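First the structure, in the form of structure tokens, and then the observations on it.
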Amino acid sequence: MAASTLGALSSPSAVVDRVRLVADEFREFSVDPAEARAAYGVGPQLLGELLDIGLPARVVDRIPRLDARDLANVALHLGLSSMQRRAVVGWRQTLLSAARGDRARYRLSYAGACPAPGHGGPCDISLTLPLAATASNAETAEGTGAATTVVELTTRWPDLPAGARAVADAVADLQFFALPPALREDLSFARRTRLAGCRAAARLVVAECQAAGLTAVTRSGLLLSVPFSTPHSWVELAVADQWVPFDPHLIHMMIRHAGLDEALWPVVRSPGAVLAAFAPGPVEPGYHNGDPVEVSITTHLESA
């Protein structure tokens, strides 16, 4: 997609106003201007403008230090060349590619590093993805710290109930923001600021569904994307005897920040072709003896 299509979607002042809704107590001022430019696309001129209009910073040895989440949000909402922007564009491209066939088949290769190196014994870290029965876990090969899984998902989902449109409209003003852990499931913060990641957004969507008389639950799993998949939360609606994935927050985000054509993919169209749910239970990938593990999930779309 042309760069002009993916241009700035908001003004610097509007983005900074949103950023400042997060209290400074949640910030880590660790990013210097060189890294802001290299990793987030925030060059010297833009950085100066952002600082002048109030982007939070801490000056250390005459050099401003910035918060990584603030910069990620600035990069996404201003359409800058950054990892955040590339990720959302990848989500859109994978969704459209997966929907070309009746089923989408993915190969996931994932690995993690033990968070406690030198702990005095062999690391038995298990990275088994606890995917639900809707995904095919055939061809799974386990190993210490690495595994490969083949996942196959249907791309043909029933139409959602008429009330789903009103729900999508009710959350249309939610802005996707990377938030600190303490705020990611804070519904009062999300309702007050209209800033939300996927977890809070899913819970707000369920509340709207219940108010509209729809049966809905939250789901957690993976947002499958080439080249890297990511943990994600969404909503599923009961339609006849089937649970149908529903994620207006995700679709709104791809429309705003990745050029997804709403005429081609309305917010009430299910993105289930890229959502692989975890099986019920307490186990999630990315933990070892209770400590978080940095997991990389490389993803290939093998057929659609």
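Just one of the listed residues (Ala57, Ala36, Ala68, Ala87) is at pLDDT below 95 and surrounded by 15 or more Cβ atoms within 10 Å (Cβ to Cβ), namely Ala87. Select from the stretch 40-64 the residues that are assigned to a loop (DSSP other than H, G, I, E, B) and of a type in the set (Gly, Ala, Ser) and write down the one among them that is nearest to Arg86 (Cα to Cα). Ranking the qualifying residues of the stretch 40-64, first place goes to Gly41.
Answer with yes or no whether Ser81 is assigned to a loop (DSSP other than H, G, I, E, B), within 20 Å of Pro227 (Cβ to Cβ) and either of a type in the set (S, T, N, Q) or over 22 Å from the mean Cα position of the chain (by Cα) (or both). Here the answer is yes, as Ser81 does meet what is asked. Scanning the stretch 94-131 for residues that are farther than 21 Å from Ile251 by Cα, modelled with pLDDT of 55 or more, of a type in the set (Gly, Ala, Ser) and surrounded by fewer than 15 Cβ atoms within 10 Å (Cβ to Cβ) gives Ser109, Ala113, Ala116, Gly118.
Residues in the stretch 222-230 include none that are over 23 Å from Val89 (Cβ atoms), within 20 Å of the chain's Cα centre (by Cα) and in the same structural domain as Pro271 (by TED's automatic domain parsing).
Every residue, every condition in (1) part of a loop (DSSP other than H, G, I, E, B); (2) farther than 22 Å from Ala182 by Cβ, yes or no:
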{"residue": "Val22", "(1), (2)": "yes, no"}
{"residue": "Ala38", "(1), (2)": "no, yes"}
{"residue": "Leu66", "(1), (2)": "no, no"}
{"residue": "Ala87", "(1), (2)": "no, yes"}
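Pairing each residue of the stretch 234-254 that is at pLDDT 95 or above with any residue that is in a strand (DSSP E or B) and among the hydroxyl-bearing types (Ser, Thr, Tyr), provided the two are 6+ apart or on different chains, yields C-beta distances under 7 Å for Val235/Thr218. Would you confirm whether or not the stretch 217-230 contains a residue that is in contact with a Ser or Thr (Cβ under 8 Å, 6 or more places away or on another chain), surrounded by 20 or more Cβ atoms within 10 Å (Cβ to Cβ), polar (S, T, N, Q) and modelled with pLDDT under 95? Yes, the conditions are met somewhere in the stretch 217-230. Among what's in the stretch 149-196 and is among the polar types (S, T, N, Q), in a strand (DSSP E or B) and farther than 28 Å from Arg69 by Cα, pick the residue that is modelled with the lowest pLDDT. Among residues in the stretch 149-196 that are among the polar types (S, T, N, Q), in a strand (DSSP E or B) and farther than 28 Å from Arg69 by Cα, the one modelled with the lowest pLDDT is Thr149.
When Ser270 is tested against (1) touching a helix residue (DSSP H, G or I) at 6+ places or on another chain (Cβ under 9 Å); (2) polar (S, T, N, Q); (3) closer than 22 Å to Val88 by Cβ; (4) at pLDDT 95 or above, just one condition goes unmet, and that condition is (1). Within the stretch 199-216, the set of residues being under 20 Å from Ala72 (Cβ atoms) and surrounded by fewer than 21 Cβ atoms within 10 Å (Cβ to Cβ) comprises just one member, Arg199.
Sub-7 Å Cβ pairs linking a first residue in the stretch 72-97 that is without any contact (Cβ under 8 Å) to a residue 40 or more places away in the chain to a second residue that is in a helix (DSSP H, G or I), at least 6 apart or interchain, are Ala75/Tyr40; Ala75/Gln84; Ala75/Arg85, ordered by first then second residue.
The values are calculated or read from the model by the stated rules, or taken from the named source; none is laboratory data. Since the structure is predicted, the reported quantities are computational estimates derived from the model, not experimental observations. Using ideal geometry, Cβ is built from the backbone for each residue, glycine included, and neighbour counts are taken over all protein chains shown.
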